[in-house]
Structure formats: structure tokens, C-alpha cells
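K.L.:
Before we start, here is the structure in question, set down as C-alpha cells.
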Amino acid sequence: QVQLVESGGGLVQPGGSLRLSCAASRSIFSLGTMGWYRQAPGKQREWVATINNVGTTNYVDSVKGRFTISRDNAKNTVYLQMNSLKPEDTAVYYCNIPLLGVWGQGTQVTVSS
């Protein structure tokens, strides 16, 4: 079984940036699509972004142009670069392997003045 550990969250002002990392306990080369989700208090977990093995990316409309998902198979890591952050981006962010149904423990992102 593969484990995922997210990091890089924190408190940031509106308009600021954060880069989240998702470190896997084994190679992600053969795992196919990787994804990021987020969950705000009292709300359902929401899909944010995905990236497949050939680099094709998809984003929820609310983050297009602001967030960038990437992967480094050699480092067993998936990233989410978040720019121009808004208060509505506040949530716990989770890494996901759809093929295996595996989730990380999450990292808190808070956007506030």
C-alpha cells in the first residue's frame, strides 16, 4: 500500500502564494492520474485539479489561471502551486490517487487578512 503525506499549507494574506507538496512512499510512475482535492468546514470535499502521466492537467473553474498542478516522478512528489489566493480558497487540501482510492492526511490552507 502506498502512503501520501501533504505539506506546505499555512496562513497567507489574500493575493499571496503557497506551494503544496504531496510525497508518496513509493514510485508514482505507474499510478496514472494524481489529484488534489479540498474541503472547507461544513462542506463536501471538492475536486481541485488532476494531472495524468503525460502531463495533461484539468482544473475546477474557480482556480483556473491561479493554480498549477505538476508532478516529479523521480522525486515521487506531486505539487500544487497556488497563486493569487482568495479567502474562499481556505480549506484542508488533500492529495489523491484515484486508481487506488488513496488519500493523504491533508494540509490546512488559510487565506485571511
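The values are calculated or read from the model by the stated rules, or taken from the named source; none is laboratory data. Since the model is a prediction, treat every value here as computed from it, not as a measurement. All accessible areas refer to the heavy atoms of the entire protein, side chains included, with ligands and DNA or RNA removed. Shrake-Rupley method; radii C 1.70, N 1.55, O 1.52, S 1.80 Å.
K.L.:
Would you please give the residues with an amide H less than 5 Å from that of T90, counting only those at least 5 places away or on a separate chain, with H modeled from the backbone geometry?
P.N.:
V111
K.L.:
Let me ask something else about it. What accessible area per residue, rounded to a whole number of Å², is obtained for the chain using a probe radius of 1.4 Å?
P.N.:
Dividing the accessible area of the chain by its residue count gives 52 Å².
K.L.:
Moving on to the next point. How large a share of the accessible area of the range 1-65, in percent, is made up of carbon and sulfur atoms when the probe is 1.4 Å and the other protein chains stay in place? Don't jump to the answer; show the numbers that get you there.
P.N.:
Numbers: 1810 of 3740 Å².
Here carbon and sulfur together make up 48 percent of the probe-accessible area.
K.L.:
Enumerate the calculated ³J(HN,Hα) couplings along the range 62-69 in order (Karplus 6.51 cos²θ - 1.76 cosθ + 1.60, θ = phi - 60°), each rounded to whole Hz, writing x wherever the residue is Gly or Pro.
P.N.:
5, 10, 4, x, 10, 9, 9, 9
K.L.:
Calculate log10 I(q)/I(0) of the chain for q = 0.16, 0.22 Å⁻¹, where I(q) comes from the Debye formula with a single equal point scatterer on each Cα and nothing for solvent.
P.N.:
The calculated log intensity ratios at q = 0.16, 0.22 Å⁻¹ are -0.66, -1.23.
K.L.:
Over the range 25-76, what is the mean sequence separation of C-alpha contacts under 8 Å (at least six apart), divided by residue count, expressed as relative contact order in percent? Present the calculation step by step, with values, prior to reporting the outcome.
P.N.:
On the way: 59 pairs, mean separation 18.4, N = 52.
Dividing the mean separation by the residue count of the range 25-76 yields 35 percent.
K.L.:
Relative contact order for the range 1-91: what is it in percent, counting Cα pairs under 8 Å that are at least 6 residues apart? Provide the component values of the computation, followed by the final result.
P.N.:
Numbers: 158 pairs, mean separation 29.8, N = 91.
Over the range 1-91, the number comes to 33 percent.
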